[in-house]
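This report concerns only the one structure given below.
We did not get these values from a lab; they are worked out from the coordinates using the rules stated. In this text the structure is predicted, and so the values were computed from the model without any measurement. Here the Cβ positions follow ideal geometry from the backbone for every residue, glycine too, while neighbour counts run over all protein chains shown.
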Amino acid sequence: MGSLVTVVSDPARRRLVIEDCVALLEAEVDAKSGLSGLAIKAAYKAVKGARPGMVPQSMDALLDDFARATDPLWQECQAKGQDPRSFFVSRKLDTANALLAITDARAQRSPHPTLVKAYQGLRGVAVEHIGAAMPRLADLFVKHAR
């Protein structure tokens, strides 16, 4: 049973995890529809346009905290021998709140008012959208930590 913290500590594996995290994020954004989907797509476009390479750089900056926050859930899933997709879907609120605690703190310290505004505009629906990403997130954990 692999530790997410250990995985992201290995430079070669970290690069692959970052690439897969960015792909996960882009797949989730692309899958959004309706008015909230348009807002999410616009905010993501603003983030990507703020600085070239910002999404992978931001993911790299957040990855250690994200791994520490989600590793206890991953370890619990593995210890119970549960299907990762089912486990993370059932614990989507816990997972989303763990991740959002990190991004909330980062947003408070950010020197980028445009990005903070975009983040705050979407924060109210973030738990729902992160929850929808649980199957892909579970697959990412399986791919890199098993």
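Working from Cα positions, state the angle (0 to 90°, nearest 10) between the long axis of helix 92-109 and the longest principal axis of the chain.
Computed tilt is about 50 degrees.
Could you pull out every one of the aspartates and glutamates with an alpha carbon less than 16 Å from that of Lys48, ignoring same-chain neighbours closer than 8 positions?
Leaving aside aspartates and glutamates fewer than 8 places away in the same chain, those within reach of Lys48 are Glu19, Glu26, Glu28, Asp30, Asp60.
To the nearest 20 Debye, how big is the dipole of the chain about its Cα centre, given +1 on the beta carbon of each Lys and Arg and -1 on that of each Asp and Glu?
300
Note the angle between two axes, namely the Cα long axis of helix 54-80 and the longest principal axis of the Cα atoms of the chain, as a number of degrees from 0 to 90, rounded to the nearest 10.
For helix 54-80, the angle is close to 30 degrees.
How far apart, in nanometres, would the label points at Val116 and Val5 be if each is projected 7 angstrom from Cα along the Cα-to-Cβ direction?
3.0
What whole number of Å gives the distance from the Cα centroid of segment 74-143 to the Cα centroid of segment 12-33?
Centre-to-centre (Cα) distance: 13 Å.
How much length, in nm to one decimal, is gained on full extension between Arg68 and Leu24, taken as 0.36 nm per residue of separation minus their Cα-Cα distance?
14.0 nm
By how many degrees, 0 to 90 and rounded to 10, does the Cα axis of helix 34-50 deviate from the longest principal axis of the chain?
80
For Lys80, go through the lysines and keep the ones whose alpha-carbon is under 29 Å away, minus same-chain ones fewer than eight residues off.
Counting by Cα, and skipping residues close in sequence, Lys80 has these lysines nearby: Lys92, Lys143.
At a Cα cut-off below 16 Å, give the lysines reachable from Lys45, other chains included and same-chain residues fewer than 8 away excluded.
Lys32, Lys117
Calculate the all-directions average of the projected area of the chain's alpha-carbon convex hull, and give it in nm².
So the Cα hull casts an average projection of 8.2 nm².
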